[in-house]
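This report refers to the structure that appears directly beneath it.
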Amino acid sequence: MHALSYDYSPWTFWNNASAEEHQAQIEHQKALAQRDGVTIGERAFLSPLANVDAETFVIGPDSYVAAHAYVTGEVSMGENCTINAFTVVRGAVTMGDAVRIGAHTSILGFNHSMDPAQSVFRQPLSSRGIVIGDDVWIGSNVVVLDGVTVGSHAVLAAGAVVTKDVPEWSVVGGNPARQLRDRRDGVAGSSASTRPEAGLVPAVAGPDDGLVPVIAGRDAGLVSVVAGPEAGLVSVVAGPEAGLVPGSANDGGLRSRLAAFADAARAQATDVLARCWVGEDDGYFVDRPGAARTVRAQCDAVEIADLLLGSAPPQLPASEQARRLAGLQDPVTGLVPEFGTQPDASLEFGKGPATYHVLSVGYALDLLGSGFSHPIHAVANTGAAELVSALEALPWRKEAWESGAWVDAWGTAAYWNLARQHRLAAAATGSSRLDSLSGVNPHSAGSVEALFGWLLARVNPASGTWGTPAHDTRLKVVNGYYRLTRGTFAQFGLPVPHVENLVDTVLEHGADPRYFAAGSQNACNVLDVVHPLWLASKQTTYRAGDGKAWATRQLEQAITWWHPGEGMSFSASPESGVQHLPTLQGTEMWLAIIWYLADMAGHAEALGYRPRGVHRPEPAFSLPRL
């Protein structure tokens, strides 16, 4: 890429520019930062061709200012904000996070007086300021005048002249701008998504969002332009290409198809397990024929057998399978290494497969009527202050999924330690009360309370999630949300915070055709949407119809993906390589997902099974209430 291109496409700079170009940008930022009142965040980009001459200027991490922008006054930009080419931002202007401003736009946080006694240019300026919330998309050639507040999640259509406050989630356009609709009306599953005035809705803002967010339809008073994917627009259409499968107002035979699916799965369960059983070396399970031996494959086999057969896998007695799994636990750390490896200094919580084994082995042992032999010391020995430091150090902004997975494993380890205490209490005293065993503390004082306190304090109220969405997708944030809440709020039977905003966030992600169009789904992505929606449905009826419609569409597809005698593949896409091959992991996950989808659709009883392992719907544990 030519160096000058970065000035006009600055979102490409840090990933594509040379080391010399990186250094030149750093030096440019250092020169700007020498001015009083200038603060520049990490991985921000300021084109040397832009005129940044503000009295105070704050630009957050991963934000940028493109060529020929003109910035003066007192301007503050949050994270992941953009000021595209030839845009003017002047006066007192404050932006939240993820504000994307198209080219040739004017954000004017000041005004002239108009006393007829003298020329306008001689009169004093006034400034009430402009405040822009989070996740706002401002199209090209927009004008925002002084004194305006733009609510979070709003969209200002190309050419709009905004003279009054814009409510949250509003889509506005025209001169003067007026509200065209609520942005949430365009989410798949809403009956409003096919209305003429819905037209095109902006996709998740991407690096090309300097292009015009066109709001088509008669009510917009704008010309409909279908610019294609490069314009950051998606057409809301019904049909397979939009990830929508026509549903039916009534059952339409879905209940009977679910029953037939479950009957076939139960009838073929022994074949699915036998296909992945290797008889040598006392026998073991693999994820698929020819794959390496793994701990997770053994655990997935236990979960599949419990779901479909109501027993342990027939290859070995339940007691023997429990003995083998429990025998893998390292007594020093309490973690379970992968088969073929010995516990050593590299066995560390948060790294490698041992972290997920906290979930898979723990629940497999539970289904086999057993449990861990030792506490998970790597978690039990973590004090409240140490835990908070570990939570702070997680890469929430860059890897929300990784961070959520860490919390999931920590919360689950805490649960197993408490459950182990529960078993000891029952054995020692004959009581089933958790608080009956005095003098045994499975955790450092206050660590579990610190976990939930930190999570409640750090959740984003606007989205109901943890972590920051990337510039063009909510995938990691939503997927990380599932992992985090599965091992904490869901597992301990506690309500999730900001539940209605969460539903909006998850349904918006669930409408992304990259992950949910017919044939593009994989087990993780569907599970990580349906579980939060299902969890939220236990607290609120907000947008319940939208959630049910989404679940029904996905369900009608998922039950067609069973491979006779082999189970289900992780990915529905034939282009996903080995992930499209039937596996124990894919089978275990999709069986649980189908239950959640069916329960959202109101037909779970037709399946005749209910997850009891990693994906169990009931809380695994309840803390004693005062």
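So the values come out like this:
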item	result
Test for Pro611: is it at pLDDT 95 or above, crowded, with 19+ Cβ neighbours inside 10 Å and outside any helix (DSSP H, G or I)	yes
Search result, residues across region 552-583 that are assigned to a loop (DSSP other than H, G, I, E, B) and of a type outside the set (Phe, Trp, Tyr)	Ile559, Thr560, Pro564, Gly565, Glu566, Ala572, Ser573, Leu581
Verdict on Ser403 being at pLDDT 90 or above, out of contact with any Cys (no Cβ under 7 Å at 6 or more places or on another chain) and either closer than 18 Å to Trp466 by Cβ or surrounded by fewer than 18 Cβ atoms within 10 Å (Cβ to Cβ) (or both)	yes
Residues within region 327-359 that are of a type in the set (A, V, I, L, M, F, W, C) and more than 22 Å from Phe285 (Cβ to Cβ), tallied	4
Out of Ala103, Ala98, Ala117, sole residue that is within 19 Å of Pro10 (Cα to Cα), surrounded by fewer than 24 Cβ atoms within 10 Å (Cβ to Cβ) and assigned by TED's automatic domain parsing to the domain that holds Glu168	Ala103
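For every residue, the table says whether it meets (1) buried (at least 18 other Cβ atoms within 10 Å of the Cβ); (2) among the hydrophobic types (A, V, I, L, M, F, W, C); (3) in a loop (DSSP other than H, G, I, E, B).
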{"position": "Gln23", "(1), (2), (3)": "no, no, no"}
{"position": "Thr39", "(1), (2), (3)": "no, no, no"}
{"position": "Pro48", "(1), (2), (3)": "no, no, yes"}
{"position": "Val52", "(1), (2), (3)": "yes, yes, no"}
{"position": "Glu55", "(1), (2), (3)": "no, no, no"}
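The values are calculated or read from the model by the stated rules, or taken from the named source; none is laboratory data. No experiment lies behind these values; they were computed from the predicted model shown. Ideal geometry is used to build each Cβ from the backbone, glycine not excepted, and the neighbour counts take in all protein chains shown.
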